[in-house]
Amino acid sequence: LYPVDAEQDDLFILALLDAGHDPGEFVFAVLRALWADELDIADRTVLEGLLAQAGIAEVESILDAAQDPRHGAALDANTRDAIALDLPGVPGYVRDGEAFWGQDRLDLLEHAIASGRAPYRPG
């Protein structure tokens, strides 16, 4: 099922944030569905179930809100920002202008935070 079109998932996250929800449980459920359960996270029925699994009671209103053009514009802006920061995908983090991309780089991010070292700047 990978690669998958995760645009709907991204829009749902923006709608959850807009509705005042912490999207953490939904994000975890989506990643588990993709990587552990091998579900199609582009399938609307799967996403409805993942929202419910994440404890979101108002599934239908989130589904509707995700189609708001503001969320599409925010997703486009976030994508442009990620590209400008040299982040090709998720998970991606930026600390003091230094980009860390990929689950396998989290230990490097943790070290950078714990050590207080200056950010790496190529070139």
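Values quoted throughout were computed directly from the atomic coordinates according to the rules given, and no laboratory measurement underlies them. Computed from a predicted structure; not experimentally measured. Cβ coordinates were reconstructed from backbone atoms using ideal geometry, including for glycine residues, and neighbour counts include every protein chain displayed.
Any chance you could tell me what percent of the C-alpha pair distances in the stretch 7-68 go past 15 Å? Tail of the P(r) past 15 Å holds 39 percent of the pairs.
FRET efficiency for the pair residue 111 and residue 37, taken as 1/(1 + (r/R0)^6) with r the Cβ-Cβ distance and R0 = 30 Å, rounds to 0.40. Calculated mean residue ellipticity, 222 nm, the chain: -16500 deg cm²/dmol, from DSSP H runs (n ≥ 4) at -39500 (n - 2.57) each, averaged per residue and rounded to 500. Across the stretch 108-119, computed HN-Hα scalar couplings (Karplus, 6.51 cos²θ - 1.76 cosθ + 1.60, θ = phi - 60°) run 5, 5, 4, 5, 4, 5, 5, 7, x, 4, 5, x Hz from first to last residue, x flagging Gly and Pro. For residue 95, the residues 5 or more places off, or on other chains, whose built amide H falls under 5 Å of its own are 100.
Charge tally around residue 65: other residues with Cβ under 10 Å, Lys/Arg +1 each, Asp/Glu -1 each, net -4.
Taking semi-axes √(5λ) of the Cα gyration tensor in Å as calculated from this structure, the corresponding entry among (1) 24, 19, 17; (2) 26, 15, 12; (3) 29, 17, 14 is (3). Would you mind checking the stretch 30-54 for residues with the amide N under 17 Å from a putative spin-label position 7 Å along Cα→C-beta of residue 90? Only 30-44, 46-54 pass the distance filter. Taken one residue at a time, the phi angles of the stretch 56-62 give Karplus couplings (6.51, -1.76, 1.60, θ = phi - 60°) of 8, 6, 8, 4, 4, 5, 5 Hz. Gly and Pro are set to x.
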